[in-house]
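What follows is a single structure, written as structure tokens, with notes after it.
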Amino acid sequence: MMQPTPAPSSAPNSPKLQPLGQNEEPSYPAPPQNMGSAPFGILVGLFEKLQNERKHDRRKKLIDAWFNAFWQHWRDEKGHDLYPVLRLILPQKDRERAVYGLKEKNLAKTYIKLIPLGMRDPDAIRLLNWKKPTERDKTSGDFPTVLFEVVSKRSSVIEGSLSIDELNDILDDLSKNMGKQEVQSRILQRVYNRTTAEEQRWIDASLLTVYGSDYDFEI
């Protein structure tokens, strides 16, 4: 007569899995540590290409080609953790950073102070009324571009010096200090002092989360 198959048993020395407590978080392996970062300006070239190409299939080819080249360099020179880069390319997918509490009007007032501009300066008025085109300035409805045009006339930064990691830290600080206008203003002063007008355009686009229009990086 055939005997029933015995139930499987654990090896004598195998660890027993303990159920998680009610408030206990599961543990995950630590992420790989990079050996350094790269200039944020490297990403701006990608952003410009994506903005200028509206067809989905061509966008996908662009970003595939960019990542194939960039990933090889990043892996060899920096490390295996691409998360800092992805946070800046797809900020709308980032769940670690809360909102910044910064709207166009707040950014306009902040930049008027840190540039600085007089309140009657035509560019100060233009920043505050960024939705309204004038005979001289036709750009309207796109705050990052209006800001770029104002900053580019005054900024002395020829080459930005912020790295990808440094910008992520700055964005984290802005998020942590949501509602603290003076603190956020000091943080944005660092951005103004160390980035080009073109880089600031894309940083402010990220702050405003103006995706779904000209700054949509959904691919």
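In this structure, does T196 turn out to be β-branched (V, I, T) and either within 20 Å of the chain's Cα centre (by Cα) or modelled with pLDDT of 95 or more (or both)?
yes
Quick one: N23 ticks every box in (1) out of contact with any strand residue (DSSP E or B) (no Cβ under 7 Å at 6 or more places or on another chain); (2) at pLDDT 85 or above except a single one, so which number is it?
In the conditions (1) out of contact with any strand residue (DSSP E or B) (no Cβ under 7 Å at 6 or more places or on another chain); (2) at pLDDT 85 or above, N23 misses (2) alone.
Taking only the range 29-68 into account, find how many residues are of a type in the set (G, A, S) and surrounded by fewer than 10 Cβ atoms within 10 Å (Cβ to Cβ).
The total comes to 1.
Give the residues of the range 158-195 that are outside any helix (DSSP H, G or I) and in contact (Cβ under 8 Å) with a residue 40 or more places away in the chain, sorted by residue number.
Result: E159, G160, S161, L162, S163, M178, G179, T195.
What is the number of the single condition among (1) at pLDDT below 95; (2) surrounded by 14 or more Cβ atoms within 10 Å (Cβ to Cβ) that G212 does not meet?
Single failed check for G212: (2).
From the list L86, L114, which residue is within 20 Å of N193 (Cβ to Cβ) and either surrounded by fewer than 17 Cβ atoms within 10 Å (Cβ to Cβ) or of a type in the set (G, A, S) (or both)?
Only one candidate passes the filter, namely L114.
The values are calculated or read from the model by the stated rules, or taken from the named source; none is laboratory data. Since the structure is predicted, the reported quantities are computational estimates derived from the model, not experimental observations. Don't worry about glycine lacking a Cβ; one is built from the backbone with ideal geometry, like all the others, and counts go over all protein chains shown.
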